[in-house]
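The values are calculated or read from the model by the stated rules, or taken from the named source; none is laboratory data. Predicted model, so just to flag it, every value in this text is computed and none were measured. Reconstructed Cβ throughout: ideal geometry from the backbone, glycine too, with neighbour counts over all protein chains shown.
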2 protein chains.
Amino acid sequence: MKHPSPASVTDDDLALLTDLYELTMLQAYWREGMHGRGVFSLYFRKLPAKRNFMLACGQQYVAELVTRLRFSPTSLQRLADVKVFEDDFLAWLEGFRFTGDIWTVPEGTPVFPSEPLMEVEAPIAEAQLLESLVMNQVQLETVLASKAVRLVMAANGRPVVDFGMRRMHGVDAAIRGVRAYRAAGLAGTSNVLGGLIHDLPLRGTMAHSYVLAHDNEQEAFRQFARLYPGTTLLVDTHDTLAGVRKVIDLMAAEPDLKVGAIRLDSGDLGPLARDARQLLDDAGHADVKIVASSGLNEQAIAELIGAGAPIDAFGVGTSMGVSEDAPVIDLSYKLVEYAGKPRVKHSPGKVNLPSRKQVYRRRDSQGFYRGDLIALRDEPVDDGEPLLTPLVKEGRIDDSALAEADRARERVQQALRHLPPALRQLEPADPPYPIELSEGLKRLQRQE
Amino acid sequence: MKHPSPASVTDDDLALLTDLYELTMLQAYWREGMHGRGVFSLYFRKLPAKRNFMLACGQQYVAELVTRLRFSPTSLQRLADVKVFEDDFLAWLEGFRFTGDIWTVPEGTPVFPSEPLMEVEAPIAEAQLLESLVMNQVQLETVLASKAVRLVMAANGRPVVDFGMRRMHGVDAAIRGVRAYRAAGLAGTSNVLGGLIHDLPLRGTMAHSYVLAHDNEQEAFRQFARLYPGTTLLVDTHDTLAGVRKVIDLMAAEPDLKVGAIRLDSGDLGPLARDARQLLDDAGHADVKIVASSGLNEQAIAELIGAGAPIDAFGVGTSMGVSEDAPVIDLSYKLVEYAGKPRVKHSPGKVNLPSRKQVYRRRDSQGFYRGDLIALRDEPVDDGEPLLTPLVKEGRIDDSALAEADRARERVQQALRHLPPALRQLEPADPPYPIELSEGLKRLQRQE
């Protein structure tokens, strides 16, 4: 079976984006007549070492997939070829629709250990089937948004641009990454398809290859700036400050030429930026900005800004593109209720919270988040804002919830104002953000 | 612009899988009449801290994409909306075809720092455009294959199965990961679509949710084993050894029931495996195998095997799925020649090798690789096997080269026999594998 394009997963194949055991369990549930409602809770147990919070992201996207998920004739044929599934089960799959409910925190919400980001409630087979796809998709955007917001915080108001497509894990990661980056507050992306699909401004400069292909660096600058007024010229192909001088000479020789910025992509960025700034200012080009790239991460950006480096914008690839220091979170998608009865796996040293839940976020008198309470969904709680709301009801996306969900970027900016200052640092907050369990939840835990 | 499916990148969008600057540079080359041939070399500067070699992977896949890459009417319309491209340039893009050559080491070849994995030679615009896509795709599979082979080496002949779909960065990574895992020598995958597309056997057991949805663990085992003779039962939902006893009791009560294996997914796997083995053997079930999963990486597997743990197969997710300890390599795609003239970026402390090259792998008298020589492509070299061969010629995939390229899995197995033993360890080899530069290359470097 040949695969035509990178991850050209069409709706035809959507239902096969799953692990084999989901399908074998489905067949077992179906054979055993187990059609009771199951509730699955999506959460993580602990934060990666360097994170003070995660930004939940991707839930809305996956909810849209789930409501459209069908077993197409080709996917059923492929499953028949696996020789594990009976004809009458495959016929049942043909009618498969997700008819359940999905509760989720809105995209862009800071979330903490043990808190459900999402709860899926449906006849158990329907909710079970989604496990692998929901985890894959929500983890991708959550990991990338949670990393990107650290760069945004480090840059402290200066624009951060995604240059990471080439370093990311395939094209789904690159494209969906832009979606997460938009939520996290990035200013732009170099990724053409990702930016067009997910509505983040396209940004780009020039590569060393363009300069090298010209016999003369200044000629490369001249041609590019003529074609793209206001462009950014890459000055470090041969010698950075010599490159800056060539830009200045060029502007002197051709006063009509507009150069928007220079880019530094190697060397010791702080001192180079200061020297370049001085050269530009001395030549009367205070308006030409300085863009830096080259192996940047949030620590490097914070240090550059802390040292007063006159860098106006940052291009970031590798470290952000794979969330290099924390490329994965230990998401779980656990059955917490079946047929009206709470369920919980007993794991020594691990907290598993039974039943349907709600998370309440409380604020102090200044409006800062002061802690969260995880409670049973229907337990009366009189303090705090409930975070989980139903995005999908009886298999249908709630349009008003969807419109609200689309405000992820704005929500992140608000959250950055309301998170306690210690959580907005790059280093781990001590103590961490307080998470409490409600009395009702503790009582249920004891009964299990 | 809405995106219908996860990374449903069809041929229509293929040409937009690029960074904006590639397209602005293309327009500049075109405007400047720069149609000379450019040679770009794909390589990495250094190995990640824990790797003794990387397995090159993904080049054949990306070559197939490249030869099919066109600017569709919809992609041209999208570019027109960006307001940076002139109509006559867009008209030129409409006729864009890759007409160049791609030389590559075969997939599954161990590669080392500075060695070109791939060289692309074409009119400069054609070769330039591919940069982001080639890097994204080759890095993905190379990183994943290079991690997976470490698990295969650690397991020392016991099967390793991919359970990582849920942890991987999106669906392209999950599906293409299976392609890389197949090359690396994995025994199977849980990923349904990935396994079907890339021809790796599907494997699966059961989840805790299945056990929890039943009021009685043994009943869950009975139902599942009846439906799937020879299946693997997950025994650690409540208490691992109690779970093993329930399996044994079940087999005693229903002698016709066939259980293939049990799976341990939590706790201290070594002692649990030994105790479980003892219980099974004492009950006369020496044929029931033990599968282990739960946060495994290559070190954990090596330790378990070193300690004599009676584990027959390993399921691996998180650590392998994102190559957790080294999720990225610093691939470069550098212009090394334009219009017949060698080009090289001078970077203090970095080696950039000009011109078209070849890599020769030399063996010692026992057949072990003893070192590589990087030479100019046309330089006479009389010792060693040349690794780069033309996979694409004048824009067409060479079918015989393609058939040869399809032997990646076999090639990895051969390589594992011929790599010096120190390189087949999990720890860094000291000294590292020797890489030399030819006299011709050194002479050219001095001239630059």
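List of remarks:
- Cross-chain or 6+ apart pairs with Cβ under 7 Å, the range B:160-175 first and assigned by TED's automatic domain parsing to the domain that holds B:Thr205, then of a type in the set (Lys, Arg) and at pLDDT 95 or above: B:Val161/B:Arg203
- Residue that is surrounded by the most Cβ atoms within 10 Å (Cβ to Cβ) [pool: residues in the range A:211-230 that are among the aromatic types (Phe, Trp, Tyr) and under 16 Å from A:Ile248 (Cβ atoms)]: A:Phe221
- Restricting B:Leu151, B:Leu130, B:Leu140 to residues that are closer than 30 Å to A:Thr205 by Cα, buried (at least 24 other Cβ atoms within 10 Å of the Cβ) and within 15 Å of the chain's Cα centre (by Cα) narrows the list to B:Leu140.
- Selection from the range A:333-365 of residues that are polar (S, T, N, Q) and at pLDDT 95 or above: A:Ser355, A:Gln358, A:Ser365
- Residues in the range A:394-422 that are under 19 Å from the mean Cα position of the chain (by Cα) and basic (Lys, Arg): A:Arg407, A:Arg409, A:Arg411.
- When the range A:156-185 is filtered for residues that are farther than 25 Å from A:Ala63 by Cβ and either within 8 Å of the chain's Cα centre (by Cα) or surrounded by fewer than 24 Cβ atoms within 10 Å (Cβ to Cβ) (or both), the ones remaining, listed by number, are A:Asn156, A:Gly157, A:Arg158, A:Pro159.
- Single residue of the range B:78-99 satisfying the filter (closer than 30 Å to B:Gln139 by Cα and within 11 Å of chain A (Cβ to nearest Cβ)) that is surrounded by the fewest Cβ atoms within 10 Å (Cβ to Cβ): B:Val82
- Close pairs (7 angstrom Cβ cut-off, 6 or more residues apart or separate chains): more than 7 Å from chain B (Cβ to nearest Cβ) in the range A:10-22, part of a loop (DSSP other than H, G, I, E, B) and of a type outside the set (S, T, N, Q) anywhere: A:Ala15/A:Leu69; A:Ala15/A:Arg70; A:Ala15/A:Phe71
- Residue under evaluation B:Leu335, criteria (1) surrounded by fewer than 21 Cβ atoms within 10 Å (Cβ to Cβ); (2) under 30 Å from A:Met320 (Cβ atoms), criterion not met: (1)
- Just one of the listed residues (A:Ser114, A:Ser41) is crowded, with 22+ Cβ neighbours inside 10 Å and small (Gly, Ala, Ser), and it is A:Ser41.
- Filter pass, B:Ala122 being farther than 23 Å from B:Val149 by Cα and without any contact (Cβ under 8 Å) to a residue 24 or more places away in the chain: no
- The combined condition, being part of a helix (DSSP H, G or I) and either at pLDDT below 95 or under 23 Å from A:Ile124 (Cα atoms) (or both), is not fulfilled by A:Val39.
- Residue count for the range B:27-74, restricted to those that are away from every other protein chain (no Cβ under 12 Å) and closer than 12 Å to B:Val138 by Cα: 8
- Listed here are the helices (runs of 4 or more DSSP H) enclosed by the range B:365-448 that have at least 1 residues being outside the structural domain of B:Phe112 (by TED's automatic domain parsing) and surrounded by 16 or more Cβ atoms within 10 Å (Cβ to Cβ): B:439-447.
- Of residues in the range A:310-322 being more than 8 Å from chain B (Cβ to nearest Cβ) and crowded, with 20+ Cβ neighbours inside 10 Å, the one farthest from B:Met135 (Cα to Cα): A:Ile311
- For the range A:11-43, filtering for residues that are over 29 Å from B:His198 (Cβ atoms) and not polar (S, T, N, Q) leaves 10.
- Some residue of the range A:182-204 being within 30 Å of A:Leu257 (Cα to Cα), facing chain B (nearest Cβ under 10 Å) and touching a residue at least 40 places away in the same chain (Cβ under 8 Å): yes
- If you go through the range A:125-161 and keep only what is touching a strand residue (DSSP E or B) at 6+ places or on another chain (Cβ under 7 Å) and at the interface with chain B (Cβ under 10 Å from one of its Cβ atoms), you end up with A:Ala127, A:Gln128, A:Glu131, A:Ser132, A:Val134, A:Met135, A:Val138, A:Gln139.
- Complete set of residues in the range B:223-245 that are more than 10 Å from every other protein chain (Cβ to nearest Cβ) and among the charged types (D, E, K, R): B:Arg245
- Here is the figure for the range A:341-371: residues that are within 12 Å of chain B (Cβ to nearest Cβ), more than 18 Å from A:Ser438 (Cβ to Cβ) and out of contact with any helix residue (DSSP H, G or I) (no Cβ under 8 Å at 6 or more places or on another chain) total 6.
- Selection status of B:Thr205, in contact with a Phe, Trp or Tyr (Cβ under 6 Å, 6 or more places away or on another chain), farther than 21 Å from B:Phe53 by Cα and of a type outside the set (A, V, I, L, M, F, W, C): yes
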